[in-house]
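Peer 1: Below: one structure in structure tokens.
The values are calculated or read from the model by the stated rules, or taken from the named source; none is laboratory data. Here the structure is a predicted model, which is why all the values come from computation and not from measurement. Cβ placement follows ideal geometry from the backbone for every residue including glycine, while neighbour counts extend to all protein chains displayed. In case anyone asks, the SASA skips ligands and DNA or RNA and just uses the protein heavy atoms, side chains included. Shrake-Rupley method; radii C 1.70, N 1.55, O 1.52, S 1.80 Å.
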Amino acid sequence: MEKKLQRSVDFVMELPLSLRGISETEPFQLEKAVCSHGLFMMAPNYWDPLSKTLTRPLRLHDAPSSSSLIVSVSQRLSSLAVRVHGTHYLSPQQERALMGQVSRMLRFSEAEEKAVREFRSMPVDHQNRSFGGRVFRSPTLFEDMVKCILLCNCQWPRTLGMAQALCELQLELQNGSPRSVAVSGNPKVETDGFIPKTPAAKEIRRKGCDSSGVSTGGMFVKKKLEWEVDGNLPMDHLLESSSNMTLLPTDNGNSEELSLSADDSHLQVPNGKEYFNRTGNFPSPSELANLDESFLAKRCRLGYRAGYIIELARAIVEGKIQLGQLEELSKDASLSSYKQLEDQLKQIKGFGPFTRANVLMCLGYYHVIPTDTETIRHLKQVHSRKSTSQTILSDVKEIYGKYEPYQFLAYWSEIWDFYEKRFGKMNEMHPSDYKLITASNMRSASKNTRKRKIPC
């Protein structure tokens, strides 16, 4: 049974890991589950490497227009503590909604647990101990879909900037700021003072971003692009002082005082003045559907992606795309359901092979590897393959086919290990350093060279 802890103006739910069918032979580690894919670096997610806590806004109801509260997730010995900041009460419906979003991010489901166990039992040639087979994703499918669009045809720093800008815009839309009111038919755009000013290189608009099967984007591209945002993320520390008492419900229904131990100190709310006061939740479909395309493109530096995102949001609001049905169809992660889902995603403008493969990976399908320039870079540096856009699919099949149906997990275990050898452990990296993960900072890396120091 999930325990609920109440403390001051915060509401904490304790989630025993035993209830999620976590393998005892492969203990769950929050830092491995979160810091396992670039999605965890994208706003509004905030991973604190010191306290090993994930913090972000989550919606209180399934309804897309629902209000949000900041939620922190941390690990105890045999459970997760889910702290909801700024409230001392949640209705059962709100509890279920928040727990559902946390469970989705961490992939708590029977199908996902089965995939983790089976992959970890495989004799993988290159086993990365930092990668547990669990790939972090967003609390909603819509957020995953939009972020997969943001991965296409640009450098990683810009992807981070676009996600940050969307979350800042969401906060203004929620607060009714006059600068944010630019609906369809009223293309007036006011962007002065808007943060961040995401750098935008020249982009080649391609049908589906990746009609050749290999995207020009993903996390990395070959051309160097300077980062132009002033300074680091505006969050120098995560914790703030507060009292050290909590109320723990007992079996007889009464409450007893329990002192917070040093291990519980990381449950404090982040310094809102420095980060979450200017960063909202990720926008919902209803918040984006009525925006003017030129406004969104210029305001959040999205380029041609703005049109794809608005069209997707409108299709969801109008009921043409049923996200619930897509999620339900993916529960068994079977090959037949994969084909149905891929066929549906093909009908959505902007969802080429690379973007579709990433979305389907987020839905639990691991037999297809999203191939892009980063895949080519990886095969050249790690496997000494002279891969090109014409040979990449056959090269990937030859190298990772033996891991079916978990080819992506084997590939990602390798690539995540490469990143960590190059830049250090991702779970220990400060968020201000995420923008350093670029192709230009990886070119000199090889199997026989020492890790080059990257200036912060």
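Peer 1: List, in order, the whole-Hz ³J(HN,Hα) value for each residue of the range 292-303 obtained from phi through the Karplus relation with A = 6.51, B = -1.76, C = 1.60 and θ = phi - 60°; use x for Gly and Pro.
Peer 2: These are the phi-based 3J(HN,Hα) values: 6, 4, 5, 4, 5, 4, 7, 5, 9, 6, 8, x Hz.
Peer 1: Further question: State the number of lysine pairs found in the range 317-397 whose Cα atoms come within less than 28 Å, restricting to pairs 8 or more positions apart or on distinct chains.
Peer 2: 14
Peer 1: Quickly work out the Glu311-to-Ser67 label distance, labels modelled 7 Å from Cα along the C-beta direction, and quote it in nm with one decimal.
Peer 2: Going by the 7 Å Cα→Cβ label model, 3.7 nm.
Peer 1: With each pseudo-label sitting 7 Å past Cα toward Cβ, what's the Val9-Ser78 distance in nm, one decimal?
Peer 2: The modelled label-to-label distance comes out at 3.5 nm.
Peer 1: Please work out how much length the chain gains when fully extended from Asn175 to Ala111, using 0.36 nm per residue of separation minus the C-alpha to C-alpha distance, in nm with one decimal.
Peer 2: Working: separation 64, 0.36 × 64 = 23.04 nm, distance 3.91 nm.
Between Asn175 and Ala111, full extension yields an extra 19.1 nm.
Peer 1: If you don't mind, another one. Taking K and R as +1 and D and E as -1, what net charge do the other residues with C-beta under 13 Å from the C-beta of Ser334 add up to?
Peer 2: On the way: positive: Lys114, Lys331, Lys339; negative: Glu328, Asp332, Glu342.
Here the charged neighbours net out to 0.
Peer 1: Just how much of Arg117 is accessible, in Å², when a 1.4 Å probe is used and the result is rounded to the nearest 10?
Peer 2: Counting only protein heavy atoms, the figure is 110 Å².
Peer 1: Might you work out the accessible area of Phe351 for me, using a 1.4 Å probe with all protein chains in place, and round it to the nearest 10 Å²?
Peer 2: Accessible area of Phe351: about 10 Å².
Peer 1: Please give the length that would be gained between Asn277 and Glu318 if that part of the chain were fully extended, namely 0.36 nm times their separation in residues minus their C-alpha to C-alpha distance (nm, one decimal).
Peer 2: Details: separation 41, 0.36 × 41 = 14.76 nm, distance 3.16 nm.
Computed gain between Asn277 and Glu318 is 11.6 nm.
Peer 1: Next question, about the same structure. Residues of the range 50-82 with amide nitrogen under 19 Å from the 7 Å Cα-to-Cβ point of Ser18?
Peer 2: Taking a point 7 Å out along Cα→Cβ of Ser18, the residues of the range 50-82 whose backbone N falls under 19 Å are 75-82.
Peer 1: Sort 313-325, 280-292 by the packing proxy (mean of other Cβ within 10 Å over each peptide's residues), most packed first. Before the final figure, lay out each step's value.
Peer 2: Numbers: 313-325: 15.0, 280-292: 22.0.
In descending order of packing, they fall as 280-292, 313-325.
Peer 1: State the percentage of accessible surface on the range 309-432 attributable to carbon and sulfur atoms; use a 1.4 Å probe and exclude ligands, DNA and RNA.
Peer 2: Details: 2700 of 5310 Å².
Carbon-and-sulfur percentage of accessible area, whole number: 51.
Peer 1: Can you give me the % of accessible surface on the range 90-146 that is carbon or sulfur? Probe 1.4 Å, all protein chains present, nothing else counted.
Peer 2: Numbers: 1050 of 2110 Å².
So the carbon and sulfur contribution to the accessible surface is 50 percent.
Peer 1: Given a 1.4 Å probe, how much area per residue of the range 300-456 is accessible, in Å²?
Peer 2: On a per-residue basis, the range 300-456 sits at 46 Å².
Peer 1: Here is a further query. Given R₀ = 45 Å, FRET efficiency for Thr391-Ser294 by Cβ-Cβ distance, to 0.05? Don't skip to the answer; put the middle values down first.
Peer 2: Details: r = 40 Å, r/R0 = 0.88.
E between Thr391 and Ser294, to the nearest 0.05, is 0.70.
Peer 1: What spacing in nm lies between the two simple spin-label points modelled at Glu118 and Gln340, each 7 Å away from Cα in the Cβ direction?
Peer 2: Inter-label distance under the simple model: 1.9 nm.
Peer 1: While we're looking at this one, here's another question. Given the peptides 403-415, 337-349, arrange them by the average over their residues of other C-beta atoms within 10 Å, most packed first.
Peer 2: Numbers: 403-415: 21.0, 337-349: 15.1.
My ranking of the peptides, most packed first, is 403-415, 337-349.
Peer 1: Accessible area, 1.4 Å probe, largest first: how do Val359, Val368 sort? Don't skip to the end; give the middle numbers.
Peer 2: Values: Val359 0, Val368 50 Å².
Largest to smallest exposure gives the sequence Val368, Val359.
Peer 1: Would you tell me the accessible area of Val84, worked out with a 1.4 angstrom probe on the heavy atoms of the protein chains, in Å² to the nearest 10?
Peer 2: Val84 has an accessible surface of roughly 0 Å² with all protein chains in place.
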